[in-house]
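Reviewing the structure listed below.
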Amino acid sequence: MKRAIALVAVPALAFALAACGDSGDKGGSKPSASASATAAQASHNEQDVMFAQMMIPHHRQAVEMAGLAPSRAASAQVKTLAAGIEKAQAPEIATMTGWLEDWGAPAAMSGMHHDMPGIMGEKDMTSLKGLKGAAFDKAFLRMMIEHHRGAVTMARAENRSGRNADAKALAASIVRTQTAEIARMRGLLK
């Protein structure tokens, strides 16, 4: 009898814990580190860990690029876009860092940054930092489109192979928002 109760209670408890961490990302809100701590511990896999470990430095670079726009961009639309990127991705970095802490995983993958889809090399970043006005706008948009395409690729891999509900919700949000931003940036380049 005790064994039968355990067989029913343990999966039910695991399901309940996982449900507690579900952000219900219906309105575009991002999962928070505190809301997802229980679910993160209950259910994650290597793909979830790799997604967070790779997306953190990827987002950091996007935030760095966006931070250049206020003093270098000529277009108000580019400045607004950059501010939106920074506002969205900085909290996501904090969320993913919290997941890795909860999972007992290191914060970053050493030596892997060069192989990430869409990541800019040092030459690209140095070049972007040296530009101003319309030249900055054009380079920023082209680089950020490539950067976003890389993030979308990584997020789709998370949605295919990840297990953690919050990580998958964030990945779906990244696909949605960054695909829309790519379309917007392509329009600005025309």
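Structure notes:
- Using a simple spin-label model with pseudo-atoms 7 Å out from Cα toward Cβ, residue 83 and residue 107 lie 2.9 nm apart.
- Sorted largest first, the spans of the alpha carbon positions of region 50-190 along the three principal axes are 44, 28, 22 Å.
- Within the shell defined by Cβ-Cβ distances under 10 Å, the residues around residue 120 carry a net charge of -3, with Lys and Arg each +1 and Asp and Glu each -1.
- Projected onto its three principal axes, the C-alpha set of region 110-174 covers 43, 26, 14 Å, listed from the longest axis down.
- Relative contact order for region 104-190, counting Cα pairs under 8 Å that sit 6 or more residues apart, in percent: 30
- What region 49-183 shows is 45 Å² of accessible area per residue, with the surface traced by a 1.4 Å probe over protein heavy atoms.
- Distance between the modelled labels on residue 138 and residue 94, one decimal in nanometres: 3.8 nm (7 Å Cα→Cβ projection).
The values are calculated or read from the model by the stated rules, or taken from the named source; none is laboratory data. Note that this is a predicted model, so its numbers are computed, not measured. Glycine also receives a Cβ, built like all others from the backbone with ideal geometry; neighbour counts cover every protein chain displayed. Please note that ligands, DNA and RNA were not included when accessible areas were found on the heavy atoms of the full protein model with its side chains. Shrake-Rupley method; radii C 1.70, N 1.55, O 1.52, S 1.80 Å.
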